[in-house]
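This report concerns only the one structure given below.
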Amino acid sequence: MSRPIVAIVGRPNVGKSTLFNKIAGRRISIVEDKPGVTRDRIYAEGEWLNKYFTMIDTGGIEPASDDIIMSQMRRQAEIAIETGDVILFVVDGLEGITSTDKEVANMLRKANKEILLVVNKIDTPKTPDTIYEFYELGLGSPIVISAGQGLGLGDLLDEVVKHFPEDKDVEYNEDVIKVAVIGKPNVGKSSLINKILGEERVIVSDIPGTTRDAIDTYFTHGEDEYVFIDTAGMRKRKRINENIERYSVVRSLTAIERADVCIVVIDATEGISEQDTKIAGYAHDNGKAAIIAVNKWDLVEKETNTYLKFEEDMRRTLSFMSYAPIMFISAETGRRVNKLLDLIKVVSNNHSMRIPTGTLNDIIGEAVLMNQPPSDKGKRLKIYYGTQVGIKPPKFVIFINDKELMHFSYARYLENQIRQSFGFEGTPIQFEFREKG
Ligand code: GDP
Ligand code: GDP
């Protein structure tokens, strides 16, 4: 099920990032505690009354500098309209309405979207009369907040969740492997998808009607059923929208959330960039299975160690997802594209693998015998037993005597032992340590 997207738009300095951080700060997920995971302040998960959403600060995507504020604001608004289910248009309650605010309001009003007008920096509980001027923007009643003081945020979030769309997502059968092909513009995502779908023996059909105008492509290959998530614009050679580099990241995000397996496509002729790392980081943060596809391999001058050098580079930069297999492909010539399909199946199986409790505890017991748990001030860590509590990704709860004694390095050791025994290639695995008296 895909989470609704809340997009925040507004001029520089109205308090967008303050608001963003206040809402994002309420929730800390298990995965986020892991070291090495890329943080990104433009994107965060939010929760209110048990409703989960993804929040995007468009000001972080298209930072505005003074001379070009209006054009940047237009971009921000476009991104918000394209991607948001609910748009928060933030204005400055101390400064009042500016001409930029009016223009942005005009753009937003024309879009057929849920828009909430948020007047920030009202730092007193009593709403001042000046608030009435904001009705002029034609976006309905302003919602008054102070992001700085944390005032009015509950009321704001009440309104936000009220405007979430009904979940229109197509529910796929459990056996269908949901794949998102993600990456920067021009790395070859469309080429790869078209190559796979163009193959003999692949039977294709479109599945429209999913949320946010996403078009999924369903296909079968041998016995197996797959869906490429959000292939709108990818299957046609000509794009509807001009490609804004950062915008495509947002599109990737929603696809990632709906997928089981992410193919992170990287352009071999360019090597790995920060943008690639961020996109891969989203897949990891969301607990998805992942394969790194180094594309355009046909264009690379190959010498003896070219593979190894590339692989080393990837491993170093993507150290947080050492579980992800790396594959060198060419969407143009079709090289190893069939192998990639096989690999999708493998990592998808690993992503939903269940380990029987007995087998798991045999492995944990052995691991503990081989490498004694750490102790501190005469107290030794005791590991009682573990059990798998979830799949997609596999999640384990391990019962221990004292959480203070469970160091990161020992947790990493346990993870490695479990990976060595069961494989889990291509999937992150999560651990939760619980104390038991
Ligand atoms: P952004 O550029 O829209 O992301 O704005 P920021 O969140 O960076 O905030 C710009 C400035 O406004 C900072 O100096 C904030 O401390 C200040 N600010 C943000 N929210 C409030 C508020 O509710 N009240 C007041 N008085 N200042 C605020
Ligand atoms: P997208 O923006 O990620 O969907 O990228 P496209 O699929 O549109 O590809 C961008 C450009 O790279 C196009 O001109 C493709 O023909 C080219 N391209 C894609 N994959 C390959 C490849 O494996 N080898 C070569 N030589 N060119 C490729």
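Would you be able to say whether some residue in segment 328-344 is among the small types (G, A, S) and outside the structural domain of V300 (by the TED database)?
The initial filter retains those residues of segment 328-344 that are among the small types (G, A, S), namely 330-331, 334.
Going one step further and asking which of them are outside the structural domain of V300 (by the TED database), we end up with none.
No - not one qualifying residue is present in segment 328-344.
Which members of segment 400-437 meet the condition of being touching a residue at least 12 places away in the same chain (Cβ under 8 Å), small (G, A, S), more than 15 Å from M321 (Cβ to Cβ) and in a loop (DSSP other than H, G, I, E, B)?
G423
Of all residues in segment 114-144 being of a type in the set (V, I, T) and farther than 15 Å from D158 by Cα, which is surrounded by the fewest Cβ atoms within 10 Å (Cβ to Cβ)? Explain how you work it out, then say what you get.
Residues of segment 114-144 of a type in the set (V, I, T): 115, 118-119, 122, 124, 127, 130-131, 143-144.
Cutting the leftovers down to farther than 15 Å from D158 by Cα gives us 119, 122, 124, 127, 130-131.
Values: V119: 27, I122: 22, T124: 10, T127: 14, T130: 12, I131: 14.
Restricting to residues being of a type in the set (V, I, T) and farther than 15 Å from D158 by Cα, the top hit is T124.
Output the number of the condition that I122 fails; it satisfies all remaining conditions of (1) among the hydrophobic types (A, V, I, L, M, F, W, C); (2) in a strand (DSSP E or B); (3) touching a Ser or Thr at 6+ places or on another chain (Cβ under 8 Å).
It fails just one condition, (2).
Under the condition of being under 30 Å from E199 (Cβ atoms) and at pLDDT below 95, which residue from segment 341-384 is nearest to the chain's Cα centre (by Cα)?
Step one: filter segment 341-384 for residues under 30 Å from E199 (Cβ atoms), giving 341-353.
Next cut, at pLDDT below 95 only: 341-342.
Working: L341: 22, D342: 24 Å.
Here the answer is L341.
Among the residues of segment 22-43, are any touching a strand residue (DSSP E or B) at 6+ places or on another chain (Cβ under 8 Å), at pLDDT 85 or above, of a type in the set (A, V, I, L, M) and assigned to a strand (DSSP E or B)? First the steps, then the outcome.
Let us first name the residues in segment 22-43 that are touching a strand residue (DSSP E or B) at 6+ places or on another chain (Cβ under 8 Å), namely 23-24, 26-27, 29-31, 41-43.
Imposing the further condition that a residue be at pLDDT 85 or above reduces the set to 23.
Okay, now just the ones that are also of a type in the set (A, V, I, L, M), so 23.
Those left that are additionally assigned to a strand (DSSP E or B): none.
Within segment 22-43 (the criterion being touching a strand residue (DSSP E or B) at 6+ places or on another chain (Cβ under 8 Å), at pLDDT 85 or above, of a type in the set (A, V, I, L, M) and assigned to a strand (DSSP E or B)), the answer is no, since none of the residues qualifies.
Go through segment 70-96 and give me each residue that's buried (at least 16 other Cβ atoms within 10 Å of the Cβ), more than 20 Å from E45 (Cα to Cα) and within 16 Å of ligand 1 (Cβ to nearest atom).
Q72, M73, R75, A77, V91, D92, G93 - these are the residues of segment 70-96 that are buried (at least 16 other Cβ atoms within 10 Å of the Cβ), more than 20 Å from E45 (Cα to Cα) and within 16 Å of ligand 1 (Cβ to nearest atom).
The values are calculated or read from the model by the stated rules, or taken from the named source; none is laboratory data. Because the structure is predicted, anything quoted here is derived from the model rather than measured. For neighbour counting, all protein chains shown are included, and Cβ atoms are generated from backbone atoms with ideal geometry for every residue, glycine included.
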